[in-house]
1. Using a probe radius of 1.4 Å on heavy atoms only, what accessible surface per residue do you get for the chain? Whole Å² is fine.
2. Given axes a ≥ b ≥ c from the Cα gyration tensor, I'd like to know whether the chain is rounded (a/c under 1.5), prolate (a/b larger than b/c) or oblate.
3. Below 8 Å, C-alpha to C-alpha, sequence gap of six or more: please give me the relative contact order for the chain in percent.
4. Student exercise: in the chain, how many lysine pairs 8 or more apart or on different chains have Cα atoms under 27 Å apart?
5. When the chain is modelled as a GNM with alpha-carbon springs shorter than 10 Å, which of Arg63, Arg27, Arg41 fluctuates the most?
6. State, in angstrom, two size descriptors of segment 49-109 derived from its alpha carbons: Rg to one decimal place and Dmax to the nearest whole number.
7. If you build a Gaussian network model of the chain, linking Cα atoms that sit under 10 Å apart, which residue out of Asn26, Asn50, Asn82 swings the most?
8. Using a Gaussian network for the chain with springs between C-alpha atoms less than 10 Å apart, which of these wobbles most: Lys22, Lys83, Lys71?
Amino acid sequence: LWPVLIGSKKNLNKLDYQNIHKLYENRSSDAILQIQKDIGRTFPDDPFFNPSTKSAGIQRLERVLVAFSWKTPEIGYCQSMNKVVAVLLLFMGEEDSFWVLNSLVSSIL
């Protein structure tokens, strides 16, 4: 429901979420280094985001943030995006979280 209400489904284009990961696989960037520093601080007391076990939530969070940083290199990653995406991941899937983040940021800029 939320992806539809925010209009994120309208933003789907040829460079879809899965292709972003394939296209940039095994590459590094300053944004990725910052993401890796920040994700462990994202709700560390929540089992879904447990950094010590590399939980499913942490893995999804990292994938969404990295994909967003590659899709929007002019923005990359900004502190606290991890918290926004973490909340989205509690209520929707990984790909929907990516597109909602994309819509939120593009509507602000």
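The values are calculated or read from the model by the stated rules, or taken from the named source; none is laboratory data. Quick caveat, the model's predicted, so the values are computed rather than measured. Cβ coordinates were reconstructed from backbone atoms using ideal geometry, including for glycine residues, and neighbour counts include every protein chain displayed. SASA here: full protein model, heavy atoms, side chains in, ligands and nucleic acids out. Shrake-Rupley method; radii C 1.70, N 1.55, O 1.52, S 1.80 Å.
1. Working: 6440 Å² over 109 residues.
That works out to 59 Å² for each residue.
2. Numbers: a/c = 1.63, a/b = 1.22, b/c = 1.34.
Because a/c hits 1.5 or more and a/b fails to exceed b/c, the chain counts as oblate.
3. Working: 107 pairs, mean separation 35.8, N = 109.
RCO, the chain: 33 percent.
4. For the chain, qualifying lysine pairs total 18.
5. In this elastic network of the chain, the residue with the biggest mean-square fluctuation among Arg63, Arg27, Arg41 is Arg27.
6. Cα radius of gyration and Dmax of segment 49-109 are 11.1, 36 Å respectively.
7. With Cα springs under 10 Å in the chain, the top fluctuation among Asn26, Asn50, Asn82 is at Asn26.
8. Looking only at Lys22, Lys83, Lys71, the largest GNM fluctuation is found for Lys22.
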